[in-house]
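Q: Submitted below is the structure of interest, expressed as structure tokens.
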Amino acid sequence: MGPAIVAEHLVKRFGEVLALDGVSFRVEEGEIYGLIGPNGAGKTTALRIVGTVIRPTSGSVRVFGVDVVREASRVREMISYLPEEAGAYPNLSGLEYLRFMASFYRGEGRDVEAMVEEGVRISGLGERLRDRVKGYSKGMKRRLLVARTLMVRPRLAIMDEPTAGLDVVHALHIRRTIRGYAEEEGTTILLSSHNMLEVEFLCDRVALINRGRIVAEGTPEELKEEYGAENLEEVFVEATRVV
Ligand code: ATP
């Protein structure tokens, strides 16, 4: 299997702000790769570039060998992107929303209803899927959006803080679901998170970003050993202190 993502020397400027300052990383197919780091470190910026939402100032990213700038539409056919703050159409019911989103993927070998059924299962929203999205709590909306992201079985799912705002039980369900897709479908997952327990549970490898640079990278075990830390929170504090 070839690499799912190869990011090389990514730089992104927003006016005076240098959001990414030469970020390179590589994610193998089927891996769950996590970006962690303090607020404003550049995680979302990196995910948005891989997700073809914004272009880098310089540097490149290839997703399954396809360049995200030159061939963005080909990349979009292979990925599913869950933004940090996303809304669903408020006047649709959850079920209508899932069906609407699945319809974009029609003709790619999978039935819309099969995708919707999968979305229903992932969301765990049951009968509430018949209600309009505008009446959903923050966590319910998040579950609907996570379901939308995974039900289409993308080759690469890019998930910006997938369990943000979820209670413990639902966060656990979503984490198990994400792991299941990686293990059973071979889905590659690129995610960001502030929850170090989540990262330890989910990620095969982690990159710690600070001020637009990767300051540490490895499996959670390797990082803990390197920093002589008992958990990833300690690694996080140490790695961001030295820079
Ligand atoms: P958080 O953990 O708070 O979500 P993050 O690591 O995802 O943070 P980014 O959202 O990537 O951080 O932001 C990195 C830097 O780039 C910040 O200084 C931010 O203010 C800046 N930035 C991001 N997007 C824009 C934009 N559209 N315009 C201007 N500055 C931006």
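Q: What is the one condition in (1) within 12 Å of the ligand (Cβ to nearest atom); (2) closer than 16 Å to residue 119 by Cα; (3) of a type outside the set (Phe, Trp, Tyr) that residue 164 does not satisfy?
A: Of everything listed in (1) within 12 Å of the ligand (Cβ to nearest atom); (2) closer than 16 Å to residue 119 by Cα; (3) of a type outside the set (Phe, Trp, Tyr), residue 164 misses just condition (2).
Q: Write out, first by first residue and then by second, each pair whose Cβ atoms fall under 6 Å of each other, whose residues are 6+ apart or on separate chains, and whose first residue, in region 30-58, is over 22 Å from residue 240 (Cα atoms) while the second is more than 7 Å from the ligand (Cβ to nearest atom) and in a helix (DSSP H, G or I).
A: Between residues of region 30-58 that are over 22 Å from residue 240 (Cα atoms) and residues that are more than 7 Å from the ligand (Cβ to nearest atom) and in a helix (DSSP H, G or I), the close pairs are 32/182; 32/202; 52/72; 52/75; 52/76; 54/48; 56/49.
Q: Would you be able to tell me the number of residues in region 184-219 that are in contact with a Lys or Arg (Cβ under 8 Å, 6 or more places away or on another chain) and not small (Gly, Ala, Ser)?
A: 9
Q: Look at region 216-243 and say how many of its residues are surrounded by fewer than 16 Cβ atoms within 10 Å (Cβ to Cβ) and within 23 Å of residue 17 (Cβ to Cβ).
A: 3
Q: Looking at region 43-59, which of its residues are charged (D, E, K, R), under 9 Å from residue 69 (Cα atoms) and crowded, with 21+ Cβ neighbours inside 10 Å? Show your work before the answer.
A: Here is the first cut: in region 43-59, the residues charged (D, E, K, R) are 43, 48, 55.
Remaining after also requiring under 9 Å from residue 69 (Cα atoms): 55.
Hits for region 43-59: nothing passes.
Q: Of all the residues that make up region 103-145, how many are surrounded by 22 or more Cβ atoms within 10 Å (Cβ to Cβ) and of a type in the set (Asp, Glu)?
A: Residues that pass the stated criteria total 0.
Q: Go through region 93-114 and count every residue that is aliphatic (A, V, I, L, M) and at pLDDT below 95.
A: Here is the first cut: in region 93-114, the ones aliphatic (A, V, I, L, M) are 95, 98, 101-102, 112, 114.
Subset that is at pLDDT below 95: 101-102, 112, 114.
Total satisfying the criteria: 4.
Let's see how each residue does on (1) outside the structural domain of residue 23 (by TED's automatic domain parsing); (2) hydrophobic (A, V, I, L, M, F, W, C):
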position	(1), (2)
63	no, yes
68	no, yes
92	yes, yes
102	yes, yes
111	yes, no
115	yes, yes
120	yes, yes
127	yes, no
149	yes, no
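Q: Ok, one more. Give me a count of the residues in region 63-102 that are small (Gly, Ala, Ser), free of Cβ contacts under 8 Å to residues at least 60 places away in the same chain and surrounded by 12 or more Cβ atoms within 10 Å (Cβ to Cβ). Reasoning before the result, please.
A: Residues of region 63-102 that are small (Gly, Ala, Ser), as a first pass: 65, 72-73, 80, 86-88, 93-94, 102.
After this cut, where a residue has to be free of Cβ contacts under 8 Å to residues at least 60 places away in the same chain as well, the list is 72-73, 86-87, 93-94, 102.
Next, from what is left, pick out any that are surrounded by 12 or more Cβ atoms within 10 Å (Cβ to Cβ): 72, 86, 93-94, 102.
Residues that pass the stated criteria total 5.
The values are calculated or read from the model by the stated rules, or taken from the named source; none is laboratory data. Fair warning: this is a prediction, and the values are worked out from it, not measured in the lab. We place every Cβ from the backbone using ideal geometry, glycine too, and count neighbours over all the protein chains shown.
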